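Right, one structure below, let's go through it.
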Amino acid sequence: MSHALRERIEELEEENRQLRAQLIPPLTFPRRLGLTRTQSDILRFICARNCESVSRRRLYDALYGMRDNPPQEKTLDVLIYKLRGKLAPHGVSIRSKHGEGWTIAPESLAVLRAIIEGK
């Protein structure tokens, strides 16, 4: 691989990193929630939509868009299932909207914000 090609790949990888950061806003969740990095990314993405539905395709693209070997889309179902299990004891729920995707209810968003702020 030529030097110029390697440099171009590095530029594109940095651009991809910056675009992902814009898609998934920088919220920090307390360790006590026990979230993995991917679960945190999913939750940030859903919260950023301010109670509007997030489609499977949009979430999948935000998480895995430019990867060479992304996982199957059904992986999202498992990630959401496990995320729900970690959030439920804290009074936070992610809802499925058939044919639309996932959303977080305003009440759950308020609880999550209070958790983030340490209240």
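Derivation of every value follows stated rules applied to the coordinates shown; laboratory data play no part. From a predicted model like this one, the values you see are computed outputs, not experimental measurements. Note: ideal-geometry Cβ built from the backbone for every residue, glycine included; neighbour counts use all protein chains shown.
So what is the relative contact order for the stretch 3-116, in percent, with contacts set as C-alpha pairs under 8 Å and at least six apart? Averaging sequence separation for qualifying contacts and normalising by length gives 29 percent for the stretch 3-116.
Nothing charged except the Cβ atoms of Lys and Arg (+1) and of Asp and Glu (-1): what's the magnitude of the dipole of the chain about its Cα centre? Round to the nearest 20 debye.
620
Loop-located trypsin sites (Lys or Arg not before Pro) in the stretch 21-112 (DSSP state not H, G, I, E or B) with no more than 12 neighbouring Cβ atoms inside 10 Å: Arg67, Lys74.
Ignoring the sites themselves, the chain has its longest run without GluC sites (Glu not before Pro) in a DSSP loop having at most 14 other Cβ atoms within 10 Å at 1-51.
Calculated mean residue ellipticity at 222 nm for the chain: -17500 deg cm²/dmol, from DSSP H runs with n ≥ 4 weighted as -39500 (n - 2.57), summed, divided by the residue count and rounded to 500. Measuring spread by the Cα atoms of the stretch 34-119 yields a radius of gyration and Dmax of 12.7, 41 Å.
Counting every other Cβ atom within 10 Å of each residue's Cβ, Met66, Met1 order from fewest to most as Met1, Met66.
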